[in-house]
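Bear in mind these aren't lab numbers, they're just calculated from the coordinates by the rules spelled out. This one's a predicted model, so the numbers in the text were calculated from it and none came from an experiment. Counting neighbours? That spans all protein chains shown, and the Cβs are built from the backbone with ideal geometry, glycine included.
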Amino acid sequence: MLEHGPASARQEIIEKLHGQVVRLSQHKFASNVIEKCLQYGDSNSRLASVQEVLGSSDGESALQVMTKDQYANYVVQKMLEVCDDSQRQLLMTRITIFLNQLKKLTYGKHIVARVEKLLVAGNAAAAVQQAPQAAVAKKASASDEAARLLQSGPTEEDSSSTAAAAASFDQPAPTS
């Protein structure tokens, strides 16, 4: 029903599970249903689930309990996979608080691997976004240099560097 059923039936199921995400995530079969709700639900239902998980209880937070659980850790991984960027960032910020504890736990290691993968992907995406900006800056710098040369004409220093560059390519140096 969640995957192939009508949107109204999907929404009804998701609403019935609202408020029980943490508890059901710790159950072998119910955790699969929660994952499907996250995967096929709309952004509002995902937001409600993330908020429920991030809501703190006495002692350990619900998120911390879920990351250590043999079934619920898969629900947390699915949340990291399907939620929007702001929710993902909030989840990752909360998880990094107890990341060192998770590295020591069997089920926590799954979360650590997912968070590290997202961090690497995020750094790569940031580098890709910065690369065009650097290329534009480099191009602008080269354009500025070309404009300076056109306005002032070649200097003796420019002629010697041009001659050196041409010699390195086995081409005759331009004559003035």
Quiz prompt | Cα convex hull of the range 1-117 - mean projected area over all directions, nm² | solution = 6.8 nm²
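Could you tell me the calculated FRET efficiency between residue 104 and residue 60, based on Cβ-Cβ distance and R0 = 25 angstrom, to the nearest 0.05? It would help to have the intermediate numbers written out before the result.
Values: r = 15 Å, r/R0 = 0.61.
Working from the Cβ atoms, E equals 0.95.
Compute the orientation-averaged projected area for the range 57-99 from the convex hull of its Cα atoms and round it to one decimal in nm².
If you wrap the Cα atoms of the range 57-99 in a convex hull and average its projections, you get 3.0 nm².
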Practice problem: Holding the Cα-Cα limit at 18 Å, pick out from 78/104; 16/68; 28/117; 68/109 the pairs that are longer than that. | Solution: 78/104; 16/68; 28/117
Quiz prompt | Over the range 17-68, volume per residue of the alpha carbon convex hull, in Å³ | solution = 69 Å³
Self-check item: Segments 96-105, 28-37, 69-78 sorted - mean Cβ within 10 Å per residue, highest first
Solution: 69-78, 28-37, 96-105
